[in-house]
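The values are calculated or read from the model by the stated rules, or taken from the named source; none is laboratory data. Treat the numbers as computed from the prediction; the structure is a model and nothing was measured. Neighbour counts run over all protein chains shown; Cβ positions are idealised from the backbone, glycine included.
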Amino acid sequence: MPTFQERRFGRDRFPRSGGPRREGGPPRRSFGRREFPERDRPSPRYGAPGGQKFEHRIEEQPETPGPHITRVVVPGEKLADTPRPAPFAFIEGGKTYSSILGLYDETDGKLVPLEGCYLPSIGDYVVGVVQDVKFAGYNLDIKSPYIGFLSNKETREEFELGDILIAKVQEVDEVKNVHLSDASKLEGGEIMEILSVKIPRVIGKRSSMINMIQGATKSEIIVGKNGRVWLRGGNSGLAVVAILKIAKEAHIPGLTDRIAALLNVSAEAQQPQQQPQQPLQEPQQPAQQPEQGV
Amino acid sequence: MEKMQLIVNGKRMDGRGLTDLRPLKIKAGVLNKADGSAYVEWGNNKVLAAVYGPRECIPRHDVNPYHAVVRCRYTMAPFCSMEEHGRSGPNRRSTEISKVIREVFENVVLAEHFPKTAIDVYMEVLQSDGGTRIAALTAAAVALADAGIPMKDIVCGVAVGKIDGQIAADFGKYEDNFGESDIPVALSQRTGEVLLLQMDGLLTKDELMKALDIAFEASKQVSELQIRALKERYAEKEAKGIAPARPAEGAQWQQ
């Protein structure tokens, strides 16, 4: 029988049990125990002095040159007579079928969904709302079937119910427990929601679309991959109209031209009202190069 | 009471041939708040279907960590038919229909992509005239695709059966009530799998096999209209927008 001193209380004295492997994350034993790499870094808080400015990033995928032939496909529609693996496609009997309502690019075999909910994946930046404050951290509504969890170990700030945060998806379990990190609070401003599948078009290639909207409306805009967009200052009403238009017409070619037309025309209409307050207004940013294909 | 004559000179009561369908209209994306929705008018049937999800599964004890839970609710409005239905809400008949429709969709929805969630399908029969479960299923299949839920196929269906000793398709109320047999069939056109098969009345084996062949042929038209409704949703936005008009995918189907 061990003595009281020999008995060890508390789970932290023991090595953690293995448990299921987490996709892409650190091994469980080291999770939550490592040094704070962000401790020496300036605070990621948005707009804080010396803080990092948020940058929209989107994975650049290799483009096939030339004209792209796209078509709307429905679940069960045959995409190809050969196996061509793609997200949201399935292969049966050596043939490829679509499983969703989407836009299929026959040139490079990409299948892009037209509808659907947001499924968190590692590295995404999401705009969340604090929906619960727990002892160990915060539960965030990330406009997804799954709740995001921001551990106290990942942040030194304190948040309240209803705070709007931008956070990075650090880890997603096989049972879809979503762990967030790099959270910073978004002060003021307004929030809008669109379908998450339209977000790549809102950001555009190398952030071209969002830069154009920011340049024309002078608003601060942060786009979460989960379909929430946060806007503050400037002509945010025009930015909302532009983003809603992108969400509605994302599948139609020539989107950049139409958004440029919308922003320029509407921006000119706004100028007479703004001129007395801001006589030294910067010239409007010229329209971006039109995109190739969809 | 004298027996009603359902087939006269090879024509049915409303002038249709034996395997003709009633006029069918499908429209996708009719509700703003639902993730996916569809409205079907099939003869005198009017059905509205809405899909929510995948979303958080409440109550939590229904959660399955391996796949999404598919939940279906078929109800008839109190004003939907000639006989007053009284209170709306689930009853013995609609509970059964909800269950068989749920089993159809459990077979085609790729639910393992969304563990711990629920996909809710609501079907409301606003006006009924025979064959409402198939009309509801047709609407729900379109609504599921419209919600962006991955599926192996869009399920289509048709009711077949026997009236006045002959095998025919798509029965209205009187053919259903005074016919000899009624078989709602739901199937996947891509694979030819039968996903729902219920039968009232009696048929020989040969008659049943013939009825299934008719169901497979007749439901091809239903499937085409379902696909067209989904594609029209995206063609329609294009026509209304500033974009130059482009021939819509599937424009060869003329109603």
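Evaluating residue B:56 against the criteria (1) in contact with a Cys (Cβ under 6 Å, 6 or more places away or on another chain); (2) within 14 Å of chain A (Cβ to nearest Cβ) leaves one unmet condition, (1). Residue pairs, Cβ under 6 Å, 6 or more apart or interchain, first in region B:209-229 and within 11 Å of another protein chain (Cβ to nearest Cβ) and in contact (Cβ under 8 Å) with a residue 40 or more places away in the chain, second of a type in the set (Val, Ile, Thr) and part of a helix (DSSP H, G or I). List them. These pairs meet every condition: B:226/B:142; B:229/B:142.
Checked against the criteria, residue A:184 counts as hydroxyl-bearing (Ser, Thr, Tyr) and under 26 Å from residue A:149 (Cα atoms).
For (1) more than 12 Å from every other protein chain (Cβ to nearest Cβ); (2) in contact with a strand residue (DSSP E or B) (Cβ under 8 Å, 6 or more places away or on another chain); (3) farther than 26 Å from residue B:200 by Cα; (4) in a helix (DSSP H, G or I), each residue gets a yes or a no:
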site	(1), (2), (3), (4)
B:64	no, no, yes, no
B:73	yes, yes, no, no
B:112	no, no, yes, yes
B:118	no, yes, yes, no
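Scanning region A:77-97 for residues that are within 12 Å of chain B (Cβ to nearest Cβ), more than 30 Å from residue A:229 (Cβ to Cβ) and either in a loop (DSSP other than H, G, I, E, B) or in contact (Cβ under 8 Å) with a residue 40 or more places away in the chain (or both) returns A:77, A:93.
The number of residues in region B:1-42 that are part of a strand (DSSP E or B) and over 15 Å from residue B:139 (Cα atoms) comes to 4.
Residue A:124 falls short on exactly one of the conditions (1) within 14 Å of another protein chain (Cβ to nearest Cβ); (2) acidic (Asp, Glu); (3) crowded, with 18+ Cβ neighbours inside 10 Å, and that condition is (1).
State whether one or more residues within region B:170-179 are charged (D, E, K, R) and farther than 23 Å from residue B:82 by Cα. Checked against the condition, which is being charged (D, E, K, R) and farther than 23 Å from residue B:82 by Cα, region B:170-179 yields no hits at all.
Every listed requirement among (1) part of a strand (DSSP E or B); (2) surrounded by 20 or more Cβ atoms within 10 Å (Cβ to Cβ); (3) in contact (Cβ under 8 Å) with a residue 24 or more places away in the chain is met by residue A:117 save one, (1). Here residue A:95 does not fit the description of being among the basic types (Lys, Arg) and either surrounded by 20 or more Cβ atoms within 10 Å (Cβ to Cβ) or within 22 Å of the chain's Cα centre (by Cα) (or both). For residue B:241, are the conditions met, namely being at positive phi and either touching a Lys or Arg at 6+ places or on another chain (Cβ under 8 Å) or modelled with pLDDT of 95 or more (or both)? When the stated conditions are applied, residue B:241 does not pass them. Is there a residue being within 23 Å of residue B:159 (Cα to Cα), part of a strand (DSSP E or B) and among the charged types (D, E, K, R) anywhere in region B:76-97? Within region B:76-97 (the criterion being within 23 Å of residue B:159 (Cα to Cα), part of a strand (DSSP E or B) and among the charged types (D, E, K, R)), the answer is no, since none of the residues qualifies.
The residue that is nearest to the other protein chains (Cβ to nearest Cβ), counting only those in region B:181-199 that are part of a loop (DSSP other than H, G, I, E, B) and among the charged types (D, E, K, R), is B:190.
Checked against (1) at pLDDT 90 or above; (2) in a helix (DSSP H, G or I); (3) over 19 Å from the mean Cα position of the chain (by Cα), residue B:145 passes all but condition (3). Of all the listed residues (B:168, B:215), the sole one being outside any helix (DSSP H, G or I) and either buried (at least 16 other Cβ atoms within 10 Å of the Cβ) or at pLDDT 90 or above (or both) is B:168. If we scan region A:98-106, do we find a residue that is within 14 Å of another protein chain (Cβ to nearest Cβ), at pLDDT 95 or above and not in a loop (DSSP other than H, G, I, E, B)? Yes, the conditions are met somewhere in region A:98-106.
Filtered by the rule that a residue be of a type in the set (Lys, Arg) and away from chain A (no Cβ under 14 Å), region B:145-164 gives a lone residue, B:162.
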